[in-house]
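The values are calculated or read from the model by the stated rules, or taken from the named source; none is laboratory data. In this text the structure is predicted, and so the values were computed from the model without any measurement. As a convention, Cβ positions derive from the backbone with ideal geometry for all residues, glycine included, and neighbour counts pool all protein chains shown.
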Number of protein chains: 2
Amino acid sequence: MARDITKRIKPLRLKGLPTELREHIKEARVQRGWGQRELGAQIGLPQPHISGIESGEIVPRFDTLLEIVRVLDLDLLLVPRSLVPAVQSLIRTQKQPESAERPLYAADDEESASGKKDHDEF
Amino acid sequence: MARDITKRIKPLRLKGLPTELREHIKEARVQRGWGQRELGAQIGLPQPHISGIESGEIVPRFDTLLEIVRVLDLDLLLVPRSLVPAVQSLIRTQKQPESAERPLYAADDEESASGKKDHDEF
DNA sequence: ATAAGTTATATATTAAAGCATATCACGTCT
DNA sequence: AGACGTGATATGCTTTAATATATAACTTAT
């Protein structure tokens, strides 16, 4: 069987996670000053696996992805498509652009005080 | 609680998808009058696979789950944990309980007019 | 330059998802 | 009764995530 032509007929599902999802995850990780090794260690994943997920080379199981985003203080929510824009804008307005100019009063106030219980969103 | 000592050794990732997620998916499917066969056919999944996912027996890949929820007019959004309650209440208020009491002033303003492009949320 | 830290690649093994197909159990309907 | 639709189970087979480990490539200090 030289090459096996029969394979490439049906389109595989995805080549990786959606690009923006991957970027958000990576961004959140870097923001925390964590390396891939550090992130993976918290949920028992080896660094190469994190690398593959972030680079889009592998598509993780849902539970794996959920663990990743949760240690990054994020979550995956099931949202009606009609509400997606509203939710996104809500997120956008809440997210401070901590990048360019840093605030005059950098209170370094950790808002993380609220979240503690392992709530099950779904 | 003489519960089952053998379980808490190694924390397996999950025994399945989060219960509520599965229920929401099933609810959305039934609401549309679709069977598992019908839902699966739309994304190229066999009925037994849908059954396994809904019953929590198997944890799908993220891309698989994403396809499922999208044909159900739902989506999976990455949300900061601090905003989860706000998003959930937003969803709750928007979701009309078309069964019980219907609002006196049902404005039924369908905002869906906007959504037509296959937006990539992530 | 070199040492240290981070990320990307590579190989190998195991477990499980993905896929196809068949069948059984349970209702419901005429 | 039988036919039908739905969902749960079962059996193979293929693909791939998950895991472990090692190492190369690349950055950034010192």
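Consider segment A:54-75. How many of its residues are in a strand (DSSP E or B) and either free of Cβ contacts under 8 Å to residues at least 24 places away in the same chain or on the phi > 0 side of the Ramachandran plot (or both)?
Number satisfying all stated conditions: 1.
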Considering only segment B:39-72, how many residues are of a type in the set (Asp, Glu) and loosely packed, with under 14 Cβ neighbours inside 10 Å?
1
In segment B:1-33, the residues that are farther than 11 Å from B:ILE68 by Cβ, out of contact with any strand residue (DSSP E or B) (no Cβ under 9 Å at 6 or more places or on another chain), surrounded by fewer than 18 Cβ atoms within 10 Å (Cβ to Cβ) and modelled with pLDDT of 70 or more
B:THR19, B:GLU23, B:GLU27, B:VAL30, B:GLN31, B:ARG32, B:GLY33
B:VAL87 fails exactly one of the following numbered conditions: (1) touching a residue at least 40 places away in the same chain (Cβ under 8 Å); (2) part of a helix (DSSP H, G or I); (3) closer than 18 Å to A:HIS24 by Cβ. What is the number of that condition?
(1)
